[in-house]
Amino acid sequence: MKLGRRSTRRSSNLLVELHRRTGEQLYALDFHEDLIFESTLGEGAFGRVDCYTLKPVGDPTFKPVSVAVKRLKVTTISAEAVQEFFDEITLMKLLDHPNVVKFLGSGTYMSEENVELPFLCQEMLKESLQQKLQSKKYSAHEAISWCLDIAKGMQYLHTRRPTIVHRDLKPNNILLTDQGSAKVIDFGLFATTKAPSLVPVPPETPGGIPMTPSTPLDTKSPRTPYTPGVPQTGTRPTTPESRTPGGKRFDQCFDEEYEQLSKNGIFQHKIVGNVGSYKYMAPENFADQPYCEKVDVYSFSMVMYSLLTKREPHDGLYLAPHQIASAAVKDNLRPKLKSKWPDELKCLIKDCWNGDPTERISFGEIIHRLEELMSNPHLMAVLERSYENAATKFFRSLQMCRGRT
């Protein structure tokens, strides 16, 4: 899909490198010519995300559309930050899955400080799971459906070769479409690992978490693992097979190009600890121990718990986020599961947040078990009733608080 025009500006070294990574003829956007600012969506320590209108460029059938534009902040810019941003753009250009945010283009722009910086453009989605979580206005069926979407997006990432580890899975990094499906976003902290196995921690390592080599991806799943050219596990409909103009399946082209980029030194992210958000961070990650893609499974369990309780993990404990992460390592601290939840659901969450990463299930297994849960009217009815009771209790306590003021 060719959305942008070839930039007419003088090709700087930064722009040349960006085009080398993403393909100069595809996805090349001119920041000042192709985009119209609408509003600010969010801002962090290192970057910001704004809503822009992408104007018709080159294609008469293309209509103006709202998009999200991510940029780095010049006040915190560094060569390493630009390199990591390039890696994120390069990765997003290769991803193609209905539960992963769609990349629309990239380019460079001159900041107010007269510094040239890269930007990336992606599809604009309705709202984040964090916003839904705060509103508390959704059903148990919607929550499980979103969890299933997230699991499918994460399975896609974990079955790439090399494996893509997100490392920052949380409600703020999951967005919803107008149709109500969930998509994984924000690959700013992603890393890759060639083998789905953990390096054992020597017993004498101070503070080490005992680990054994991880089993291969999806070996615990009763379903066939995802393989390019084979339909994905699950019964819910997905998008049709996408092919490139040459007739190859996109997955095949992805793996070939992704593998070549990795061989060329791109995506050589070091798997280091203490990366991500503390409340959703796996113990081995916080403990700065070797880890693999199973850190995402742990984070997923916390996202799932949040959606099902309509509150963040450990909400109500008078602990700072880093203290919660520390207690998860030292004391095996986990949120309390609701007694009225179906046993199948409680077992699923426990299997995802297991303290031993090698015992955590794969996303293929998660998909299978979530689909079984959704297809069981009795279990879903039990879950819906627990939802209604929790919502009633919440709004009753809210009214009592208002009555006191």
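Please treat every number below as a calculation from the coordinates, not as lab data. Just so you know, these numbers come straight off a predicted model, no measurement behind them. For neighbour counting, all protein chains shown are included, and Cβ atoms are generated from backbone atoms with ideal geometry for every residue, glycine included.
Out of all Cα-Cα pairs in region 31-161, roughly what percent, to the nearest whole number, are more than 27 Å apart?
Roughly 30 percent, rounded to a whole number.
Taking amide H atoms as placed 1.01 Å from N in the peptide plane, list the residues 5 or more away in sequence, or in a different chain, whose amide H sits under 5 Å from that of G47.
Those qualifying (amide H under 5 Å, at least 5 residues apart or on another chain) are K73.
For the pair T358/E372, report the inter-label distance in nm, with labels modelled 7 Å from Cα in the Cβ direction.
Here the answer is 2.5 nm between the modelled labels.
Just to check I understand the Karplus step: with θ = phi - 60° and J = 6.51 cos²θ - 1.76 cosθ + 1.60, what whole-Hz values come out for region 344-357, glycine and proline as x?
Ordered by residue, 3J(HN,Hα) equals 4, 6, 5, 5, 4, 5, 4, 5, 8, 9, 3, x, 8, x Hz.
Can you list residues from other chains, or at least 5 along the same chain, whose modelled amide H is less than 5 Å from the amide H of E38?
C51, Y52, T53
Given a Förster distance of 35 angstrom, what is the FRET efficiency for I36 paired with Q130, based on the Cβ-Cβ distance and rounded to 0.05?
0.85
Across region 169-181, in residue order, what do the Karplus-derived ³J(HN,Hα) couplings come to in whole Hz, using 6.51 cos²θ - 1.76 cosθ + 1.60 with θ = phi - 60° and x for Gly and Pro?
Residue by residue, region 169-181 yields 6, 7, x, 5, 9, 10, 10, 10, 8, 4, 7, x, 8 Hz.
How far, in nm, would the chain grow between L319 and K137 when pulled straight, counting 0.36 nm per residue and subtracting the alpha carbon separation?
That pair, L319 and K137, stretches by 62.8 nm at full extension.
Do any chymotrypsin sites (Phe, Trp or Tyr not before Pro) in region 49-122 lie in a DSSP loop with no more than 15 other beta carbon atoms within 10 Å, and if so, which?
Sites meeting the loop and neighbour criteria: F62.
Amide H to amide H under 5 Å from L120: which residues, 5+ apart in sequence or cross-chain, H placed 1.01 Å off N in plane?
Result for L120 returns K70.
Hey, what do the phi angles of region 359-373 turn into as Karplus ³J(HN,Hα) couplings, whole Hz, using 6.51/-1.76/1.60 and θ = phi - 60°, x for Gly and Pro?
9, 6, 6, 8, 5, x, 5, 4, 4, 4, 6, 5, 5, 5, 5
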